[in-house]
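The values are calculated or read from the model by the stated rules, or taken from the named source; none is laboratory data. Here the structure is a predicted model, which means the values were calculated and not measured. Virtual Cβ from ideal backbone geometry, glycine too; neighbours counted across all protein chains shown. The accessibility values were calculated without ligands, DNA or RNA, using every heavy atom of the protein model including side chains. Shrake-Rupley method; radii C 1.70, N 1.55, O 1.52, S 1.80 Å.
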Amino acid sequence: MTLTERKNAAISRGVGMTTQIYADRAENAEIWDKEGNRYIDFASGIAVVNTGHRHPRVIAAVKEQLDRFTHTCHQVVPYESYVHLAERLNAIVPGDFAKKTIFVTTGAEAVENAVKIARAATGRSAIIAFGGGFHGRTFMGMALTGKVAPYKIGFGPMPGDVFHAPFPVPLHGISVEQSLATLKKLFAADVDPQRVAAIILEPVQGEGGFYPAPAAFMKALREICDQHGILLIADEVQTGFARTGRMFAMDHHEVAADLVTMAKSLAGGFPLAAVTGRAEIMDAPAPGGLGGTYGGNPLGIAAAHAVLDVIADEGLCDRANQLGSRLKQRLESLRDKVPEIADIRGPGFMNAVEFNDATTKLPSADFANKVRLIALDKGLILLTCGVYGNVIRFLSPITIQDGVFSEALDILEASLLEASTSH
């Protein structure tokens, strides 16, 4: 049996797979499969290895921790490294106020805990999220996520008191003013703002298509939250840790969130997530109300310390801006030759290209997937996203070597040209 046949026989089909590549080893921005084929990784495990596969400093930190202890459960026998990492996050998460932090294991778990904290702090229950947003596959995560397929199909009723408003995407005809007007209609028709605990959004939508929240929109949300006593939650699970050219995407805005969720690239490939927020809000739940057996696992904590050091010492925020600029310039140079390109966007190195059919001008998931498959055949791993599935997002490690990056851009260009001429 092939590995794919074994996978199909052993693993639930609900676990989807983008490629049929079975990894054997990886280094920085490259992956080699079981057959020895080499691929350039523009997925990074979905924005997890911003510091590259197996960064030497991350591996060294984890190895050192392995020789000390691997698990005690911080709620039973705590450890200083957990405390120190919380101190570091409290210092760098945007917001000029006292902060506190908790550690959990996954991004969905961070979102769940942010909702728990918001409800405990406000005494309210309702949560507002946005169309196209993605917040995880747990039940609250699914309820908050603004996309039915494939995340909600067949899973029955979602948790109540969750409401959605349209996210401003001018490319698809939704302006900031229209989004805010719909939010006001929501308050008038569906939920009293005095019953809303929090508004949650991604500063740059991830699965939804890499649409950045406009500055005017974020500022208006902050004003609405302040007016009604609502907490603002920034889901930075995919946007955090230098990806957007700043440590956090909220660093691009003049306003701060009350709670910030983090995961993915926080620990450079090891499972770790966090919620950081205003100290008085974080203290609202009673002792024992927050936590988890593996929350703040010592190996993930050690890796995260190394990740923060690497971002600072290697200047990865500046590096993200440089790489993103090169990528967007290359894509812009292809607009005339690839009429399917509808938009090129994204801050720092959180970039995307959106495709429409060259004739109908309607979103074309088929073209995006064709580009992805051609590139994969040439040795470049890409991911699609977007409500219409017509967006390719670029999530290469920020540590990618210049030569490998140039090679990837050449493959990307060749794939776009081939897909366009054969379409």
For the stretch 364-378, check the following and say yes or no: at least one residue is part of a strand (DSSP E or B) and either crowded, with 19+ Cβ neighbours inside 10 Å or in contact with an Asp or Glu (Cβ under 8 Å, 6 or more places away or on another chain) (or both).
no
Quick check on this structure: which one of ILE224, ILE199 is closer than 23 Å to SER125 by Cβ and in contact with a strand residue (DSSP E or B) (Cβ under 6 Å, 6 or more places away or on another chain)?
ILE199
Quick check, is ILE200 β-branched (Val, Ile, Thr), over 18 Å from the mean Cα position of the chain (by Cα) and either in a loop (DSSP other than H, G, I, E, B) or within 22 Å of MET282 (Cα to Cα) (or both)?
no
GLY52 under 23 Å from GLU314 (Cα atoms), open to solvent by less than 70 Å² (accessible area, probe 1.4 Å), modelled with pLDDT of 95 or more and of a type outside the set (Asp, Glu):
yes
Residue, surrounded by the most Cβ atoms within 10 Å (Cβ to Cβ), within the stretch 338-363, restricted to residues that are in contact (Cβ under 8 Å) with a residue 40 or more places away in the chain, among the hydrophobic types (A, V, I, L, M, F, W, C) and part of a loop (DSSP other than H, G, I, E, B):
PHE349
Of residues in the stretch 390-404 being over 12 Å from ASN351 (Cβ atoms) and in contact with a strand residue (DSSP E or B) (Cβ under 8 Å, 6 or more places away or on another chain), the one surrounded by the most Cβ atoms within 10 Å (Cβ to Cβ):
PRO397
Could you pull out the residue among HIS71, HIS84 that is open to solvent by 30 Å² or more (accessible area, probe 1.4 Å) and more than 25 Å from the chain's Cα centre (by Cα)?
HIS71
In this structure, is VAL387 among the hydrophobic types (A, V, I, L, M, F, W, C), open to solvent by less than 30 Å² (accessible area, probe 1.4 Å) and over 22 Å from LEU316 (Cα atoms)?
no
Tell me the strands (runs of 3 or more DSSP E) entirely within the stretch 1-106 that contain at least 2 residues that are at positive phi and among the aromatic types (Phe, Trp, Tyr).
none
Among LEU409, LEU417, LEU334, the single one that is touching a residue at least 60 places away in the same chain (Cβ under 8 Å), more than 22 Å from the chain's Cα centre (by Cα) and closer than 24 Å to ILE46 by Cβ is LEU409
Only unsatisfied item for TYR151, checking (1) modelled with pLDDT of 95 or more; (2) of a type in the set (Phe, Trp, Tyr); (3) outside any helix (DSSP H, G or I), is (1)
Looking at the stretch 329-350, which of its residues are among the aliphatic types (A, V, I, L, M) and out of contact with any Asp or Glu (no Cβ under 7 Å at 6 or more places or on another chain)?
LEU331, VAL338, ILE341, MET350
Out of curiosity, is ARG326 open to solvent by 20 Å² or more (accessible area, probe 1.4 Å), more than 21 Å from the chain's Cα centre (by Cα), farther than 16 Å from VAL371 by Cα and touching a residue at least 60 places away in the same chain (Cβ under 8 Å)?
yes
Within the stretch 282-319, the count of residues that are surrounded by fewer than 21 Cβ atoms within 10 Å (Cβ to Cβ), of a type outside the set (A, V, I, L, M, F, W, C) and outside any helix (DSSP H, G or I) comes to 11
Within the stretch 224-255, how many residues turn out to be outside any helix (DSSP H, G or I), among the small types (Gly, Ala, Ser) and either buried (at least 24 other Cβ atoms within 10 Å of the Cβ) or touching a Leu at 6+ places or on another chain (Cβ under 8 Å) (or both)?
4
Only listed residue being within 24 Å of THR51 (Cα to Cα) and open to solvent by 10 Å² or more (accessible area, probe 1.4 Å), chosen from PHE210, PHE270:
PHE270
Do we find that VAL148 is among the β-branched types (Val, Ile, Thr), farther than 20 Å from THR106 by Cα and surrounded by 19 or more Cβ atoms within 10 Å (Cβ to Cβ) in this structure?
no
Where the second residue is among the basic types (Lys, Arg) and the first is open to solvent by less than 70 Å² (accessible area, probe 1.4 Å) and lies in the stretch 1-20, which pairs have Cβ atoms under 9 Å and are six or more apart or on separate chains?
LEU3/LYS34
